[in-house]
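Take a look at the structure set out below.
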Amino acid sequence: MKHLMTLIALVVAVTAGAQNFIHDYPWNPDWDNDNFVGSSDLTGFLSAFGSEFGNPPEPCDYDGTPLEEWWGQAIAGDIIVDSV
């Protein structure tokens, strides 16, 4: 019974906290956030007309970790992993 009450309290707390989360999408047709897409929302949309959509992708600068390098050499057979 103790575990059931703990589980119920946890579920209530998590669902209550999740109700106020607002997603901030990169493009929102409802410019003034009145939950109605109308003609007043066109002013914000038209200001972006003709501009480039989105940002260019960031270059990847990940070189890996020493553990990944060691594991790759072990799989490739460049080093031999032996038990002591």
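The values are calculated or read from the model by the stated rules, or taken from the named source; none is laboratory data. These numbers come from a predicted model, not from an experiment. Cβ atoms come from the backbone with ideal geometry, glycine included; neighbour counts cover every protein chain shown.
Considering only segment 43-63, state which residues are surrounded by 10 or more Cβ atoms within 10 Å (Cβ to Cβ) and either of a type in the set (Phe, Trp, Tyr) or modelled with pLDDT of 80 or more (or both). Of everything in segment 43-63, just one residue is surrounded by 10 or more Cβ atoms within 10 Å (Cβ to Cβ) and either of a type in the set (Phe, Trp, Tyr) or modelled with pLDDT of 80 or more (or both), namely 45.
Of all residues being modelled with pLDDT of 80 or more and part of a loop (DSSP other than H, G, I, E, B) in segment 64-84, which is nearest to residue 31 (Cα to Cα)? Just the residue, please. Filtering segment 64-84 for residues that are modelled with pLDDT of 80 or more and part of a loop (DSSP other than H, G, I, E, B), the one nearest to residue 31 (Cα to Cα) comes out as 64.
Find the residue count for segment 22-42, including only residues that are at pLDDT 75 or above and either aromatic (Phe, Trp, Tyr) or at positive phi (or both). Residues meeting the conditions: 4.
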